[in-house]
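The next block holds one structure in the form of structure tokens; read it before the comments.
Since every read-out is calculated from the coordinates, none of them should be taken as a lab result. A quick note: this is a predicted structure, and the numbers were derived from the prediction, not measured. Heads up, the Cβs are rebuilt from the backbone with ideal geometry, glycines too, and the neighbour counts pull from every protein chain shown.
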Amino acid sequence: MLYLGLDLSTQSLSGVVIDTTTGEILTEKSLNYAENFPAYKTENGFIRGENNAFYSYPELYLETLDALFEQFKDMSKDISAISLSGHQHASVYLNNQFESTLGRLDSSKNLKEQLSSCFSRNIVPIWMDNSTSDECAEMDQALEGSVSELSGSLYCERFTAAQIRKFFKQDPDSYAQTATIHLASSFTASILAGQSLAIDTSDGAGMNLMNLASGEWDTPLLEVCAPDLKNKLPQLAPANSIGGKISPYFVKKYGFSESCKIVLASGDNPNSLIGCGAAEPGTVVMSMGTSDTFFGAIGNKTIDTKGVGHIFGNPAGGYMSLICFRNGSLSRETALKTTGLDWQKAEKMIAANTPYQGENFLPYLVDEMYPEIPAQISEELLNSFSAEQALVGVVEGLVLNVCHFAHLHAEKIDTIRLTGGASKNSAIAQMIADIFQAKVERIEIANSAALGAAMRAANAHGKIPWSELNAKFASAKSQLFPRKENSASYQEKLAAFAKKIS
Ligand code: ADP
Ligand code: XUL
């Protein structure tokens, strides 16, 4: 049986097809928004707006979806089910034409031309947005600080509630014309199903609107956010629900079978938890995509997040805890740019220079979110450093940063599953093993979010148990062991780092 997992990420849309009979990952395809759709003028897939606003375009996602599906035509008829991953927190605003238009999509036209009149807002605010501090403060005051207990996270600028409130305040007329607010993940799954689907409770936990314990919309959280919100939100449902059959649009246009099912979408971090084979407590994951995240399954416990982390749903049941950093791959890329190297050469430079002999600086090129730490360095400053200091200083500093905060959550970390674009870099992977003094494992592909979505489709549709899916697709393909000789040096660096940010 073949299953397709899609990953609508910050920078690209990717798809992975798995064969559950042979245990093979058959194909992995990806389209980068900025490279393939330059007309949108995005920088790495997003637009930097005023006052720390960051957004993308729903129409860009629709165009990419059509273009990527062209590439799956040779195997589409054999795909039994599809599921999706989306960058978390991002919201899509739709008017009352959305549902009816979805129900009568014409396969001789494309998605963008048919759906562009269905948006009540032409942008999608994304997780990098840091423009909603006022809205967070207002809602927090109204709820007298109980948001974390109810929703699993303190109010966060990038979370959906703050973004919805900002939209309502800035443009009440367009808010009033909004019939449905989807997450990026549930929006894309709805397109595939030809009907508005539910938001899954794993990704729904990243909105500051869902009651974490009940998995239902929480009335006080909705009331302090914006008027009439309950009527604009889709239902909530567990991630392993089948949303429906694929829309006839995709059957006619790309050759999918009429019986192909759409399994509810979820967020990229919950999907990566599955794709990394980490659905059971015990294995932790470090993801180095556009954001750096560190997460793990926590069973049915909810933990005190100390204002640093979040609790989301685990698509396999129970919960996961997560910490997220804005300084991730884009900060590493800025440092790389100052050296004039490509990642291949940079990998050698990093390997030859770790542990870095010079003093570490705080590696934040953009304002960090939680805890809030303003940017400490700039591209200009890095240009005045040696190539080694700029590149290794930033790369090493960012791993020290994740390690410092990860230990506030988990006392003992023995094994880390590493994923995301930068996990391909073996010098960085070895540095992580050395800094954490833990074994670092990588699975077959770096896109664990798309793989996790494909595995979820197989679990929900084919009733294939997680243990079998893990053994077939998410076992460790490489292991890196901590080098004892670097332990003392990194202990000192971690202590110095803790002092610097305190
Ligand atoms: P997202 O899913 O958030 O869109 P990805 O997980 O696809 O992001 O990761 C993309 C990032 O991976 C790019 O920004 C790039 O800098 C980084 N990357 C790719 N290859 C390497 C490498 N060899 N070393 C370090 N970083 C890399
Ligand atoms: C998690 C977060 C990011 C996005 C994009 O809270 O904001 O990891 O999901 O990857």
Q) Residues of the stretch 325-347 with amide nitrogen under 17 Å from the 7 Å Cα-to-Cβ point of residue 52? A) 325-328
Q. Among 47, 445, what is the fewest-to-most ranking by other Cβ atoms within 10 Å?
A. 47, 445
Q | Gap separating the Cα centres of the stretch 217-254 and the stretch 477-499, nearest whole Å | A | 44 Å
(Q) Under 5 Å between amide hydrogens, which residues at least 5 positions from residue 49 or on another chain qualify, with H placed 1.01 Å from N in the peptide plane? (A) 54, 55
Q.
Please compare each pair in 112/253; 112/166; 230/261 to a cut-off of 18 Å on the Cα-Cα distance and tell me which ones are over it.
A. 112/166; 230/261
(Q) Check which residues have an amide H placed less than 5 Å from residue 27's amide H, if you skip close sequence neighbours. (A) 17
Q.
Test of understanding: ordering 187, 168 by Cβ neighbours within 10 Å, fewest first, what list do you get?
A. 168, 187
Q. Between the stretch 10-39 and the stretch 389-418, what is the C-alpha centre distance in whole Å?
A. 28 Å
Q) Is the stretch 330-374 rounded, prolate or oblate when judged by the Cα gyration tensor, a ≥ b ≥ c being the square roots of its eigenvalues, rounded requiring a/c under 1.5 and prolate requiring a/b larger than b/c? A) oblate
Q. Farthest toward the dipole's positive end in the stretch 346-430, which of 427, 401, 381, given Cβ charges of +1 (Lys, Arg) and -1 (Asp, Glu) about the Cα centre?
A. 427
**Q.** Taking the chain and dividing mean pair separation by its residue count, relative contact order in percent (alpha carbons under 8 Å, at least six apart)
**A.** 16 percent
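What are the trypsin sites (Lys or Arg not before Pro) within the stretch 305-369 that DSSP puts in a loop, where the Cβ has at most 16 other Cβ atoms within 10 Å?
Values: sites: 306, 326, 332, 337, 345, 348; in loops: 306, 326.
Answer in residue order: 306.
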Q: Towards the positive end of the charge dipole of the chain, with charges on Cβ (+1 Lys, Arg; -1 Asp, Glu), say which of 222, 27, 242 has the farthest Cα.
A: 27
Q: Would you mind putting 52-58, 460-466 in packing order, based on average other-beta-carbon counts within 10 Å, highest first?
A: 52-58, 460-466
Q) Which residues in the stretch 34-63 have a backbone N closer than 16 Å to a point placed 7 Å from the Cα of residue 170 along the Cα-to-Cβ line? A) 46-58
(Q) Shape verdict for the chain, please, from the Cα gyration tensor: rounded (a/c under 1.5), prolate (a/b greater than b/c) or oblate. (A) prolate
Q) Where the centre of each part is set by its Cα atoms, how far does the stretch 287-364 sit from the stretch 100-169, in angstrom? A) 25 Å
**Q.** Derived scalar couplings ³J(HN,Hα) [the stretch 189-201; Karplus, 6.51 cos²θ - 1.76 cosθ + 1.60; whole Hz; x for Gly, Pro]
**A.** 5, 5, 4, 5, 8, x, 7, 6, 9, 6, 8, 7, 6
Q. Where does the chain land at 222 nm, in deg cm²/dmol rounded to the nearest 500, when only DSSP H runs of n ≥ 4 count, each adding -39500 (n - 2.57), divided by all residues?
A. -11000 deg cm²/dmol
Q) Extension gain residue 404-residue 241, at 0.36 nm per residue separation less the Cα-Cα distance, in nm? A) 55.0 nm
Q) Cα to Cα, under 12 Å, and not fewer than 8 places away if on the same chain: which aspartates and glutamates meet these conditions relative to residue 245? A) 258
Q | Loop-resident sites, the stretch 76-144, for GluC sites (Glu not before Pro), counting at most 10 other Cβ within 10 Å (DSSP) | A | 144
Q) PRE reach from residue 501 (point 7 Å along Cα→Cβ): which of the stretch 309-343 fall under 16 Å by backbone N? A) 309-310, 322-329, 331-332
Q. What's the extension gain from residue 67 to residue 477 if we count 0.36 nm per residue and subtract their Cα-Cα distance?
A. 144.5 nm
Q. With r defined as the distance between the Cβ atoms of residue 491 and residue 122 and R0 fixed at 45 Å, what FRET efficiency is calculated, to the nearest 0.05?
A. 0.35
Q. Could you put 426, 146 in order, starting from the residue whose Cβ has the fewest other Cβ atoms within 10 Å?
A. 146, 426
**Q.** Shape category assigned to the stretch 224-307 from the gyration tensor of Cα positions, a/c cut at 1.5
**A.** oblate
**Q.** Under 17 Å from the Cα of residue 439 - lysines, other chains or at least 8 residues apart
**A.** 412, 424, 477, 484
Q) What is the dipole size for the chain, taken about its Cα centre, with +1 at each Lys and Arg Cβ and -1 at each Asp and Glu Cβ, in debye to the nearest 20? A) 1000 debye
Q. Taking K and R as +1 and D and E as -1, what net charge do the other residues with C-beta under 10 Å from the C-beta of residue 210 add up to?
A. -3
Q | Placed amide H near residue 79: partners under 5 Å, 5+ positions off or other chain | A | 257
Q | log₁₀ of I(q)/I(0) at q = 0.12, 0.17, 0.21 Å⁻¹ - the stretch 382-501, Debye sum with one point per alpha carbon | A | -0.55, -0.92, -1.19
Q. Given labels modelled 7 Å from the Cα in the Cβ direction, how far is it in nm from residue 373 to residue 96?
A. 5.0 nm
